[in-house]
Amino acid sequence: SQLPAREWAISRGVDQTIGMRVRSTILFPVPNLALILPWIEQIVALSSSVHSSSPSVVTRPTVYDRVIANEQQRARLHEYSKNIGLGHRCFTRGRSSNLIERTLDSILKEFERGLPRSGDSDDESAQHSVNQNQQYVEYWTRQEWRHIEAHADVDENLAKSLDEETEIDNKRLQSHFPSTYEERDGHRYPLHGHVLYLQVGSKVNGPTVIFPGRSSGGQLHEDSYNDEACTETEAVVVPAKEGRLLRFDGRDLHAVPRPHDLWMLPFVKGGAEYEPENHFGRSVILFNVWPGDESPPLGVPLDDPSSASAADESDDERAQTLCSDFSDWEEVDVSAPSSTTAPSTNTMPESVKIWLLGNERRRKFPMRTVPLLAPSPGGRELVREALAEKSNVTKLMLRWSR
């Protein structure tokens, strides 16, 4: 069975750093134990950076409105996104070569300006104390509202190569990617993920749902909030809204259900509509930040000169503001759902079935869906209302039986 995070950190720390096993520490004289306590405290402190299911160390998603308040700028980004295709690209911070790259770099700079200064207690400020130009930004675009199954973003081409390995060399991968490789999962994750919402059709209920602290479908069934009867899994529902930016831990599971209440439906009839764009379009730029002291994601074109668009932009267009000042961003609170319908009278468990992306190694779950239960009170109607919300960001506590 898995040790709690603190016990694991101490056992690993004493075993690896001191060279002795924990069970032998009870034989140490008190003075010797006092000598090793500072080592143990250091190791426990370092363990807090590990992606854990413990609520106390989970990095929460943040949501900002009015990041790109200018409608014309959003339209320019949307048109440019349509022209570059759906493939992944990557650029080095400070070497942006087209409209999208310059905009993303500008957004990240504004975000960094708004962070607490180095030395404050904010978790993210410590991560941004290094030169921010020493980062890679991987990005891609989507213009349609499609069903995206729950997944965490990973170094996709590295993951494919590891799928073919009979045995994964975790030590080698950990030495190459100390900030991004998770031995427990066998995957390499970005530091942060982002969704920038450009245009949203009038008939789109296409939220991004984040599962903080969970990197795979199997982790949706891990103990987090303990109770005698069941445990709970947090889901943060972020509606698609024009000009909005969503930022989350790069290891977090996320999804876009279509239809919005897909997770409660026994089956779906017919095919999805994608046109006209003003009704069913969902134009977004998705981007991940990777550390500059490691390799960029494997096989993704980096600083590709063919993506430069300077010649396609007029001087007036290049002079336009790329994004709003951070002081004009509006942080959106994450709130508990407030149902407008009568409480469910169904006494039977109300299932919420989360669809998962990828093979079993990535899902960490044998099936393509993970069964959860709707919040109580409120039931599935509460989940439906949160998924249909147009603006408010909602936190749902989904349950599962032991």
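Between Asp303 and Asn83, what length comes free when the chain is fully extended (0.36 nm per residue of separation minus the Cα-Cα distance, one decimal in nm)?
Working: separation 220, 0.36 × 220 = 79.20 nm, distance 1.79 nm.
That works out to 77.4 nm of additional length.
So how much slack lies between Lys203 and Glu165, counting 0.36 nm per residue of separation and subtracting their Cα-Cα distance, in nm? Mind showing how you got there, number by number?
Values: separation 38, 0.36 × 38 = 13.68 nm, distance 4.45 nm.
Value of the extension gain: 9.2 nm.
Give me the extension gain from Leu357 to Asn278: residue separation times 0.36 nm, minus the current Cα-Cα distance, reported in nm with one decimal.
On the way: separation 79, 0.36 × 79 = 28.44 nm, distance 2.82 nm.
Full-extension gain reported as 25.6 nm.
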Practice item. Using only the Cα atoms of region 191-305, build the gyration tensor, take square roots of its eigenvalues as a ≥ b ≥ c, and label the shape rounded, prolate or oblate: rounded if a/c is under 1.5, else prolate if a/b is larger than b/c, else oblate. Key: oblate
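With a probe of 1.4 Å, find how much accessible area region 172-279 has per residue, and write the answer as a whole number in Å².
Ligands and nucleic acids excluded, the figure is 36 Å² per residue.
The values are calculated or read from the model by the stated rules, or taken from the named source; none is laboratory data. In this text, all values refer to a predicted model and were calculated from it rather than measured experimentally. To get the accessible areas, we keep the full protein, side chains included, count just its heavy atoms, and leave off ligands, DNA and RNA. Shrake-Rupley method; radii C 1.70, N 1.55, O 1.52, S 1.80 Å.
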